[in-house]
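Q: Take a look at this one; I'll ask things after.
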Amino acid sequence: MTGEPDETGRDTAAEVRTFIQRADLLDDLGHFAEAAEELRDALRLAPDNPEALATLGMVELRAGRAEQALPPARAALAADPEHLLGQVVCGYALVALERKQDAIDAAERLVEVDPESWLRQLHFAAIVRRVRNGQATLDAAWQAVRLAPDEPETHLVLSAVAADLGLVDLARRAHTEAIRLDPRAADDEQPSVLRLRPSRSGGKPAPDERTEPVGPAAHGVRSGMSRFLAVGALYAWGGPLVVALTTLAGGGAARVVAAAVGLLGVLLFGVFRVHPPAGPQPALRALPSLDRWLALGACCVLACPPMMLVFALVTSPWPLGVLILLGAFAFAALVLRADDLHRAGRGR
């Protein structure tokens, strides 16, 4: 569609845009039937217009008719396979229809088009959260916040994902930040992400607007990681103590206990990756940009279980000494940042 007048002198593209704009207004007012009729008028003029098709799918979905939302959304993707709103509507409609694997596949295709689009990351998190919440969902929500820290919807979605995963402190702080950015967010029990009209903005902020998470979200990462370091330091010091005591019963018993303690640490870390504990933000990739000392301390904690397994293999005192040093470094990083964390908490 070129936007040039047709044989009768009508500017078809302009008329289609007018119909879509009226439909947007009616949709915002909750008049879904009237909005759908405006879009059908647009499609009579331009049956293959992906924007009109995707918007019709969105209106049907927001009216609670997920099954009727899929055909126009898929038709929009047939005309433009990377159309953002068409992909988003397909994802949410498949979730509503409980076609879980299809919804996950749609969300993955959505974010593959442009991983640097905050809207694509946002919708990926919001879709997959309702099907299979976990590490990938949390990472996507954090990526959306990183790319668009001034958008309240990114913090709302992060809050919802974190709450589902039991990250109470992070969920509360993300919701507080959303309300700070837009007081109307206090009325949103669920993020109304479909109102963002992704096909209009493209969801990619200017390069100078792409910053790391700040404010309560960043403080939530630091404070959560401080608790993680405290537990890790106790493991690094308590493990060698337990093993040293068992050496009184013989070297074989000490090796068995060391292997058990090391495997327990590996198992706990694996569980934390899948089901993050309340507090620590498991997406450690974001941590170095927030606090280098805490990031180094976290690496020391993660090295402790393998070091315990090394002792079980070689039965030499040096792995226990390294363990104690790792725990000391983790505790030192925690102490060095204790005052900053306390001040940041009071500053909120």
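The values are calculated or read from the model by the stated rules, or taken from the named source; none is laboratory data. Note that the structure is a prediction, hence the values are computed from the model and not measured. Don't worry about glycine lacking a Cβ; one is built from the backbone with ideal geometry, like all the others, and counts go over all protein chains shown. Only protein heavy atoms, including side chains, enter the accessible area calculation; ligands, DNA and RNA are left aside. Shrake-Rupley method; radii C 1.70, N 1.55, O 1.52, S 1.80 Å.
Q: Of the numbered conditions (1) within 23 Å of ASP80 (Cα to Cα); (2) surrounded by fewer than 22 Cβ atoms within 10 Å (Cβ to Cβ), ASP139 fails exactly one; give the number of that condition.
A: If we test ASP139 against (1) within 23 Å of ASP80 (Cα to Cα); (2) surrounded by fewer than 22 Cβ atoms within 10 Å (Cβ to Cβ), just (1) comes out false.
Q: In segment 64-75, which residues are surrounded by fewer than 18 Cβ atoms within 10 Å (Cβ to Cβ) and either outside any helix (DSSP H, G or I) or of a type in the set (A, V, I, L, M, F, W, C) (or both)?
A: GLY64, ARG65
Q: Could you list, in sequence order, the residues of segment 234-251 that are in a helix (DSSP H, G or I), farther than 22 Å from PHE331 by Cα, open to solvent by less than 50 Å² (accessible area, probe 1.4 Å) and of a type in the set (Gly, Ala, Ser)?
A: Hit for segment 234-251 is GLY251, nothing else.
Q: Can you pull out every residue in segment 76-106 that is without any contact (Cβ under 8 Å) to a residue 24 or more places away in the chain, open to solvent by less than 70 Å² (accessible area, probe 1.4 Å) and over 15 Å from ALA66 (Cβ atoms)?
A: Correct list: ASP105 only.
Q: Looking only at helices (runs of 4 or more DSSP H) that lie completely in segment 114-176, which have at least 2 residues being touching a residue at least 12 places away in the same chain (Cβ under 8 Å) and in contact with a Ser or Thr (Cβ under 7 Å, 6 or more places away or on another chain)? Walk me through how you get there before you give the answer.
A: Numbers: elements: 118-132, 135-147, 152-164.
Output list reads 118-132, 135-147.
Q: Among the listed residues ARG40, ARG129, which satisfies the condition of being more than 28 Å from the chain's Cα centre (by Cα) and open to solvent by 30 Å² or more (accessible area, probe 1.4 Å)?
A: Numbers: ARG129 fails: more than 28 Å from the chain's Cα centre (by Cα).
Being more than 28 Å from the chain's Cα centre (by Cα) and open to solvent by 30 Å² or more (accessible area, probe 1.4 Å) holds for just one of ARG40, ARG129, which is ARG40.
Q: Related question: If a residue must be open to solvent by less than 10 Å² (accessible area, probe 1.4 Å) and over 14 Å from GLU116 (Cα atoms), how many such residues does segment 143-153 contain?
A: Summing the residues that are open to solvent by less than 10 Å² (accessible area, probe 1.4 Å) and over 14 Å from GLU116 (Cα atoms) in segment 143-153 gives 0.
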